[in-house]
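Data first, discussion second: the structure below is written as structure tokens.
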Amino acid sequence: MEEVWTVKVGDQHMDEARRHFHEELAAVRAEIVRLAGMVTEEIPRATEALLDGDLQAAEDIIVGDDVLDALSLDIEDRCYQLLALQQPVAGDLRTIVTSIRLVAEIERSGDLVTNIMKGARRMYGSELDPRVRGLISRLGEHVQKIFRLAMDSYIDGNAGLASALDDMDDTVDELHADYIQAIFESHSTGTIDLQTAVQLALIGRYYERIADHAVNIGERVRYMVTGWLPEHTGAARLAAAEDGEAGG
């Protein structure tokens, strides 16, 4: 009878620990979604501040990056504690590893939004032609869309949507190419000076990099859901090549 009671108490303790673990995972997930939501909202705010030459809005976004950094560090710390204390395996381990990687991608995206605002300050007072302004607006819209969809794929655990992000990024790349051409033409006609042209080119690169981070988020979601990463394809090719050489 004593042995049965010991087993039941042990099982109850394990169930309680498991429940607490999944509550912590859910809390981490909620914080990641909150972090990403902050960045998603900042993208159109930054675009508007850039186009309006709004220095106060730009400063608010730059200062607000400290909040993103603090939240990112807190989430990472919680993930490391879960790894150390719970020693998860299989799907739970992939979820925590994905969480750590997503925090890095989201935090870096926030840094890039801040860089856009710093660029806006450097070119304050410059007049932009309508084509350049229009392309900035479209870049901001598409980048926000792909970033939001990347997080939707995480929230829903949707590997199909995560896989589609790479194709969506092609639109951003095409817009970016048009944007660079528009900057070149605007500078060649004397509409903008060299310093403004350089800042605009950097700003376009920041937008493009945010979209790249969104694609990376999608890849990590695929890993979380299926266990697959793009690196696995390259590793398989390398293994096949080495086997072929060994066989030859």
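The values are calculated or read from the model by the stated rules, or taken from the named source; none is laboratory data. Worth saying up front: this structure is predicted, and the values here are computed from it rather than measured. So basically every Cβ, Gly included, is an ideal-geometry build from the backbone, and we count neighbours across all protein chains shown.
Can you name the residue in the range 117-149 that is charged (D, E, K, R) and closer than 17 Å to residue 175 by Cα and, of all such residues, is modelled with the lowest pLDDT?
Residue satisfying both the conditions and the ranking: 129.
Here is a list of conditions, (1) closer than 17 Å to residue 129 by Cβ; (2) in a helix (DSSP H, G or I), and residue 174 meets all of them except one; can you say which number that is?
Going through (1) closer than 17 Å to residue 129 by Cβ; (2) in a helix (DSSP H, G or I) one by one, residue 174 breaks only (1).
Would you check which residues across the range 46-81 are part of a helix (DSSP H, G or I) and small (Gly, Ala, Ser) and list them? Talk me through it step by step, then tell me what you get.
To start, the set of residues in the range 46-81 that are part of a helix (DSSP H, G or I) comprises 46-52, 55-81.
Once the filter is applied, which keeps residues that are part of a helix (DSSP H, G or I) and small (Gly, Ala, Ser), the range 46-81 yields 46, 49, 57, 58, 64, 70, 72.
Taking the conditions exactly as written (among the small types (Gly, Ala, Ser), crowded, with 22+ Cβ neighbours inside 10 Å and in contact with a helix residue (DSSP H, G or I) (Cβ under 9 Å, 6 or more places away or on another chain)), does residue 120 satisfy them or not?
Criteria met by residue 120.
Quick check on this structure: which one of 90, 70, 150 is at positive phi and either free of Cβ contacts under 8 Å to residues at least 40 places away in the same chain or under 19 Å from the mean Cα position of the chain (by Cα) (or both)?
90
Filter the range 82-131 for residues that are of a type in the set (Asp, Glu) and part of a helix (DSSP H, G or I) and give the result. Break it down into steps so the answer makes sense when it comes.
First pass over the range 82-131, keeping only residues of a type in the set (Asp, Glu): 92, 105, 107, 111, 127, 129.
Selection gives 92, 105, 107, 111.
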